[in-house]
Amino acid sequence: MTQPIITTEGKRAYPPRMSDFTKPFWDGVATGSFRTTRCDACQRPSFPPKPICPHCWSDQVTWIDLSGRGRLYSATVVHAGPAVFAQDLPYRVGIVDLDEGLRIATRVLDETRFDQAVELVVLAYDDGPLYAARGISG
Amino acid sequence: MTSNKVSILGGAALPVGKLQGLSDAGTQHLEHEVLAKLIVEALADAGLEKEDVGSMILTLPRPYTQQKYFATFMANYMRLPCDGLVMEVMGNGMTPALTFQTAVDQVRLGRTKVALALGINFETGTPAPEHMMSSMRATGDVDFHVPFGFTPISWYAMDAVRYIHEHNSSREDLAMVAVKNRAHAMHNPIAQFRKPMTLDDVLAQRPIVEPLGLFEVPGRGDGAVCLVIADEDVAKETGKPYVNVRGEGFYHEGAHQISEVPNDMIAFEAAQQAGAKAMAGAGIGPDDLDLAEVYAPCTIVEVLVAEALGLCPVGQGARQAASGDTSIGGRIPICTSGGLLSRGHPAYVTALYSYFEVLEQLRGRGAERQVTDAELGLVCTELGNYNAAMVHILEAVA
């Protein structure tokens, strides 16, 4: 499943680091697909993607595609933030429970209410991608 | 024959305030000078001598403290040879509680009869937006949370939103915690914020992390505390009132800020587990406690931890602040010091202020904020979004 890509001017305020292991995740995000790792032994997915399953500590994991959909568990609007985010203030961040049973934290682009459906979108900055959540209408 | 019990025998604490930075005369408060005076004051309070002390466990100072390796610097500054540990402890908001626990363990292990648990947190010389550049990296995954702009208290705000949503509560309900704690702080001479404050005052402040405004989140402050921890045999010999550590509990839920497996984020499982363990060890239940001093940087956090510890029914924690249940004179007074919101929150020493408050209360030295006949007190501390909690049950010994 491919998620919408929103071209976003400027550079990311606090770019995430990328390892050899997480590169497939970020490469996927750049093209609109969200992936993570699932354990071959216990079959449980993990987020962020990890080379070791946090549940059973197996080192046999496989990349899987995520639906990019979930529900907004909670959110807040930040009015006082770290120096690098000053130009974004105020901004909304939230916690999303993905359909695959994974909880993530990200920006929220709209006023979606709690427990309502959201989708992940790609924010394509000049220096690389980030992602965010927004409500799904209907 | 040793009783094997560990006691808190004395203490001293600096009034919380803004001390870091240059004065008009171009001078500064220096951390080691401030702490040296507190050490002497605390030992006098304990009725002990310099030669009795065999270990110094310090909180790690903030990175803004110029003097590095502060513990060994202090050992020199006080010219204090030790055969118990001299070290600094770091554990985010739990730093001072881990410091206290390490000092207790030094005594329990027999490494020393008397240990100091102490520290100083100077940070107000650094503006909040700059300070958050560091603190945001402690309260989130640097690669998968921080890039979105989460701040330490943004997680608590999301707890508040969820609580209001699930329990049909309101910002007004939660804000009564701040009003209640201010009323306590007005009677605490070492509290940072002591002016009278109404609910309207709280609600009128600018938003910081919605729905929480300026008076529902902690201000920033500098502070320092020294506690004297001793084998109970030493405590008994002094003939002074003291406090015993009667129960201890720690639990880390194996998650940081959020659990990647969706859970009930506002259940504060770590506080539940650590509290249950500490109370079981002490052979008591929540109803036996006379007061509780909990680590709650925001109004909502006090509500959630009070519910997790069984001090208030789930869903009722905020309303019980409004009803007076958690006030001095109420069913179970919480944060008689004024808590993090009014006593103040110099983070790396905050919990040392909590132990100090319970020490004072259990020795009957709470003056106008004294809880009548206080014999059993609880201290709860945390890190992250209560991903880990440490609980101590303290008992008065006359």
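The values are calculated or read from the model by the stated rules, or taken from the named source; none is laboratory data. Please read all numbers here as calculations on a predicted model, not as lab measurements. Please note: Cβ atoms are built from the backbone with ideal geometry, for glycine as well, and neighbour counts cover all protein chains shown.
Specify the residue that is surrounded by the fewest Cβ atoms within 10 Å (Cβ to Cβ); the eligible residues are those in segment B:32-62 that are touching a Lys or Arg at 6+ places or on another chain (Cβ under 8 Å) and in a helix (DSSP H, G or I). Show your work before the answer.
The first filter runs over segment B:32-62 and keeps only residues touching a Lys or Arg at 6+ places or on another chain (Cβ under 8 Å), leaving B:43, B:46-47, B:52, B:54-55.
If we keep only those that are in a helix (DSSP H, G or I) too, we end up with B:43, B:46, B:52.
Values: B:43: 22, B:46: 28, B:52: 17.
If we take residues in segment B:32-62 being touching a Lys or Arg at 6+ places or on another chain (Cβ under 8 Å) and in a helix (DSSP H, G or I), then B:52 is surrounded by the fewest Cβ atoms within 10 Å (Cβ to Cβ).
Conditions tested, residue by residue: (1) of a type in the set (A, V, I, L, M, F, W, C); (2) within 21 Å of residue B:159 (Cβ to Cβ); (3) in contact with a Pro (Cβ under 9 Å, 6 or more places away or on another chain).
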residue	(1), (2), (3)
A:32	no, no, yes
A:43	no, no, no
A:56	yes, no, no
A:65	no, no, no
A:73	no, yes, yes
A:100	no, no, yes
A:112	no, yes, no
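Tally the residues that are within 11 Å of chain B (Cβ to nearest Cβ), of a type in the set (Ser, Thr, Tyr), in a loop (DSSP other than H, G, I, E, B) and in contact (Cβ under 8 Å) with a residue 12 or more places away in the chain, restricting the search to segment A:1-49. Don't jump to the end; show me each part of the working.
The first filter runs over segment A:1-49 and keeps only residues within 11 Å of chain B (Cβ to nearest Cβ), leaving A:12-19, A:22, A:25-26, A:36, A:44-49.
Imposing the further condition that a residue be of a type in the set (Ser, Thr, Tyr) reduces the set to A:14, A:19, A:22, A:36, A:46.
Checking which are in a loop (DSSP other than H, G, I, E, B) leaves us with A:14, A:19, A:22.
Those still in the list that are in contact (Cβ under 8 Å) with a residue 12 or more places away in the chain too: A:14, A:22.
Number satisfying all stated conditions: 2.
Residues of segment B:125-140 being in a helix (DSSP H, G or I) and either out of contact with any helix residue (DSSP H, G or I) (no Cβ under 6 Å at 6 or more places or on another chain) or more than 7 Å from every other protein chain (Cβ to nearest Cβ) (or both), which ones? Let's see the steps before the verdict.
First, the residues of segment B:125-140 that are in a helix (DSSP H, G or I): B:128-135.
Within segment B:125-140, B:128, B:131, B:132, B:134, B:135 meet the criteria.
How many residues are within 20 Å of the chain's Cα centre (by Cα), under 24 Å from residue B:361 (Cβ atoms) and surrounded by fewer than 23 Cβ atoms within 10 Å (Cβ to Cβ) if we restrict to segment B:219-248?
Number satisfying all stated conditions: 5.
Kindly indicate whether any position in segment B:84-106 is modelled with pLDDT of 95 or more, within 14 Å of chain A (Cβ to nearest Cβ), part of a helix (DSSP H, G or I) and within 26 Å of residue B:369 (Cβ to Cβ).
No: zero hits.
Among the residues of segment A:92-102, how many are out of contact with any Phe, Trp or Tyr (no Cβ under 7 Å at 6 or more places or on another chain) and either within 7 Å of another protein chain (Cβ to nearest Cβ) or in a strand (DSSP E or B) (or both)?
Counting residues in segment A:92-102 that are out of contact with any Phe, Trp or Tyr (no Cβ under 7 Å at 6 or more places or on another chain) and either within 7 Å of another protein chain (Cβ to nearest Cβ) or in a strand (DSSP E or B) (or both) gives 4.
Out of B:195, B:180, report the one residue that is outside the structural domain of residue B:266 (by TED's automatic domain parsing) and surrounded by 15 or more Cβ atoms within 10 Å (Cβ to Cβ).
Details: B:195 fails: surrounded by 15 or more Cβ atoms within 10 Å (Cβ to Cβ).
So the residue among B:195, B:180 that is outside the structural domain of residue B:266 (by TED's automatic domain parsing) and surrounded by 15 or more Cβ atoms within 10 Å (Cβ to Cβ) is B:180.
In segment B:141-171, which residue that is more than 7 Å from chain A (Cβ to nearest Cβ) and under 21 Å from the mean Cα position of the chain (by Cα) is nearest to residue B:320 (Cα to Cα)?
It comes out as B:160.
Restricting segment A:72-96 to residues that are touching a residue at least 24 places away in the same chain (Cβ under 8 Å) and under 13 Å from the mean Cα position of the chain (by Cα), which is surrounded by the fewest Cβ atoms within 10 Å (Cβ to Cβ)?
Applying the filter and picking the extreme gives A:72.
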